[in-house]
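S.K.: I have a structure I would like to understand better, so I am pasting it below and will then ask my questions one at a time.
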Amino acid sequence: MTTWLSPLFHCDRTMKTDDAKQIDILYHPLSTPCSGTLSGETATMKLFGIKNCDTVKKARRWLDDHQIAYQFHDFRTDGLDPSTIQRWLNDVSWEQLMNKRGTTWRKLDDPRKDQLDTAAAIELMVAHPTLIKRPVIEDNSGVWVGFNESDFQARYAK
């Protein structure tokens, strides 16, 4: 069983030392690419985003503060494939997923930009992951986009 030592550090697993004592291995979720599994279980929530995004940082901090296990996927460094976006589109529309207010959209010089459909939107989001609103959360109940503290509270508070 995992013992939480603080909101920022927790026991990930135990290991034996040379003298056969067991010690806990601690880690800080915000500095780890894939954070949060409790008691060796696989996290049922996956949070997609970019680690430097302020909204993603707020979402991760909220989850860490509330000791909620999740796996983080940085789609800038870990990549993103069309099948993942297609899976998200089973729960949200491409219009909800695509950020048309950001710098990437404004600077995008692509003829598909003016005549978007689902296929073109997926291609653009794979080619330019920063076009995706952040964070994207996958959990047992589906996919949702963005961070709002009261929504997180209602959805995940124990």
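S.K.: Taking into account only those residues within the range 147-158 that are among the hydrophobic types (A, V, I, L, M, F, W, C) and assigned to a helix (DSSP H, G or I), which is farthest from residue 69 (Cα to Cα)?
M.R.: Residues of the range 147-158 that are among the hydrophobic types (A, V, I, L, M, F, W, C), as a first pass: 147, 152, 154, 157.
When the remaining residues are screened for being assigned to a helix (DSSP H, G or I), the result is 152, 154.
Working: 152: 13, 154: 16 Å.
If we take residues in the range 147-158 being among the hydrophobic types (A, V, I, L, M, F, W, C) and assigned to a helix (DSSP H, G or I), then 154 is farthest from residue 69 (Cα to Cα).
S.K.: Residues 123, 138: which one is among the charged types (D, E, K, R) and either modelled with pLDDT of 95 or more or surrounded by fewer than 13 Cβ atoms within 10 Å (Cβ to Cβ) (or both)?
M.R.: 138
S.K.: May I pose another question? Being hydroxyl-bearing (Ser, Thr, Tyr) and at pLDDT 95 or above: is that true of residue 55 here?
M.R.: On the way: hydroxyl-bearing (Ser, Thr, Tyr): yes; at pLDDT 95 or above: yes.
The answer is yes for residue 55.
S.K.: Here's a follow-up. Identify the single condition in (1) of a type in the set (Lys, Arg); (2) farther than 25 Å from residue 58 by Cβ; (3) at pLDDT 90 or above that residue 112 does not satisfy, given that it satisfies every other one.
M.R.: Here residue 112 meets the rest and fails (3).
S.K.: Now a separate question. For the subset of the range 90-120 comprising residues that are under 20 Å from residue 55 (Cα atoms) and among the β-branched types (Val, Ile, Thr), which member is surrounded by the fewest Cβ atoms within 10 Å (Cβ to Cβ)?
M.R.: Ranking the candidates gives 103 first.
S.K.: Would you mind stating whether residue 144 is over 22 Å from residue 77 (Cβ atoms) and aromatic (Phe, Trp, Tyr)? Spell out the reasoning first.
M.R.: Numbers: over 22 Å from residue 77 (Cβ atoms): yes; aromatic (Phe, Trp, Tyr): yes.
Spelling it out, residue 144 is indeed over 22 Å from residue 77 (Cβ atoms) and aromatic (Phe, Trp, Tyr).
S.K.: Here is a further query. Wholly within the range 66-146, which strands (runs of 3 or more DSSP E) include no fewer than the required count, namely at least 1 residues that are among the small types (Gly, Ala, Ser)? Even if it seems obvious, please write down each step before you answer.
M.R.: Working: elements: 71-74, 136-139, 142-145.
Of the strands (runs of 3 or more DSSP E) lying wholly inside the range 66-146, those with at least 1 residues that are among the small types (Gly, Ala, Ser) span 142-145.
S.K.: So, one more: So which of 84, 55 is among the β-branched types (Val, Ile, Thr) and surrounded by fewer than 17 Cβ atoms within 10 Å (Cβ to Cβ)?
M.R.: Every option except 55 fails the conditions.
The values are calculated or read from the model by the stated rules, or taken from the named source; none is laboratory data. Fair warning: this is a prediction, and the values are worked out from it, not measured in the lab. Quick reminder, even Gly has a Cβ in these numbers, built from the backbone with ideal geometry, and neighbours come from all protein chains shown.
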